[in-house]
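Colleague: Structure below; questions to follow.
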Amino acid sequence: MAWRIADYIERGEIDNRIKDRVTGQIWLFGQKEPVKLELTGNPYRDLAGQYLRFLNPNPKALPEHLHGFAKEQTGVVGDITAARRVKILDIPDDEFEHYYINKIKMPYHWGNCLYLEWHSVRNGRVVIEATDYVLEVEPEATWQMSEAEEVKQQEANGRAMSNFMDQLVQAANEAAVTEGEDEAPQSEAEAAADAEAARMDLLMDRVTARLEREKDLEPDAFERILNEERERMRRERGEPEPEPLTPEEEAEREKWIEEINAAAESALNEPSDHEEDRDHPLVEFTQEFGIRIDQATEENRWLEENASEEHPLNALKYGIWFASAKLAGALNHRKDEWPPDELNAGDTLVRLKKARSYLRDAERGLESAEGEKLADPSWFPPIRQELKSISRSVDQFIDEVRFILRDPDDIR
């Protein structure tokens, strides 16, 4: 998930006058000290070698959750351009809901969008996307980028991003081991599963970014972009091209796809309320817990209208919802096959650890909400107790799967 901070920026500047380096400063609304950028890479051709200033004519009040946004953003350049063509709606913001609910075609025009993206050590992916900023570019560029160089630069940024994310994963694992953190891999199999999960996270970040910026997408756009980004990542990492399937493997693959499609069609056409089709009890409990929190915040009007995703009560709610989705992927199809076999244990462990991470996000949201007095004080203690109960259950499942994946040398 990206940090999207465009609405809360007062002004900023981006400097690429030194090749392969992007520096800058960004002033968030109400903050005296600017956020400082120190990034590796170059923007697209329109900003290559340039010094850009930008001003937000209508900055919004900085929400509490952004007060912890790192003041030093060190990392690598993603996509940086002021010439991205996007659709801009020709209706006031307060009329959007009316158009949407009544399915009225929304008028728009094409315009340029400022798009600044980077990946930082402290915050991961950060995106500034705005069509109403006032832009000022220095008239003379210190160096020029050709179209061919731009293509190569985009590939280089991709490689740098992949390497950067790999280094972050390795550093996080090493730090976790040093500090005794329970997220640290405890076997080679777990480390391999974590590395593959990080790779998939980066892949999906790229796919999401392209889906966000490419307009008028065809029905199969997701699959096309996923395949293109997967191939791009393979090239960046210098991995060999996959071996073509043999006729026997191709036939087996087609058979497997047919079986999956048949099973999916059967499940859709023949809904069942059999016990084996129910969610895992922990999944059911977590889902119901999230629903109760959502109902409480809505009925008591503890969340202001249009509250951001990072609002503490939303962080609590979304953390639980996301955790329930990861738990469903880890547990629902293994109720009668627990613990999982070694072949499936790595994937299960990754999902469980993701669920635990989301639960910790929910805990931080709960702490912030209580500290800021965003709900009735009597509501917090039982919510905290239930959240801890779910976390303890997840910890137990993680321990059981780790036992399956333990290194041979640890087996006595």
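Colleague: Using a 10 Å cut-off on Cβ atoms, rank the peptides 23-29, 387-393, 76-82 from the highest mean neighbour count down.
Modeller: In decreasing order of mean packing, 23-29, 387-393, 76-82 become 76-82, 23-29, 387-393.
Colleague: Of H119, H98, how do they rank once you tally other Cβ atoms within 10 Å and put the fewest first?
Modeller: Taking fewest neighbouring Cβ atoms as first place, the list is H98, H119.
Colleague: On to the next question. Quote to one decimal, in nm, the extra length available between D347 and E149 on full extension: 0.36 nm per residue of separation minus the C-alpha distance between them.
Modeller: 67.3 nm
Colleague: How much length would be gained if the chain were fully extended between A192 and A130, taking 0.36 nm per residue of separation minus their Cα-Cα distance, in nm to one decimal?
Modeller: Here the segment from A192 to A130 would lengthen by 18.5 nm.
Colleague: May I pose another question? From the phi of every residue in the stretch 363-372, what ³J(HN,Hα) in whole Hz does the Karplus formula 6.51 cos²θ - 1.76 cosθ + 1.60 yield, where θ is phi - 60° and glycine or proline is x?
Modeller: My calculation for the stretch 363-372 gives 4, 5, x, 5, 4, 5, 4, 5, x, 8 Hz in order.
Colleague: Between the stretch 1-77 and the stretch 294-323, how far is it from one alpha carbon centroid to the other, in angstrom?
Modeller: The two parts, judged by their Cα centres, are 28 Å apart.
Colleague: Which length gain, in nm to one decimal place, applies between R122 and E337 when the Cα-Cα distance is subtracted from 0.36 nm times their residue separation?
Modeller: Difference between extended and current length: 73.5 nm.
Values in this text are rule-based calculations from the coordinates and carry no lab data. Since this is a predicted model, take the numbers as computed values, not measurements. Backbone-built Cβ (ideal geometry, glycine too); neighbour counts: all protein chains shown.
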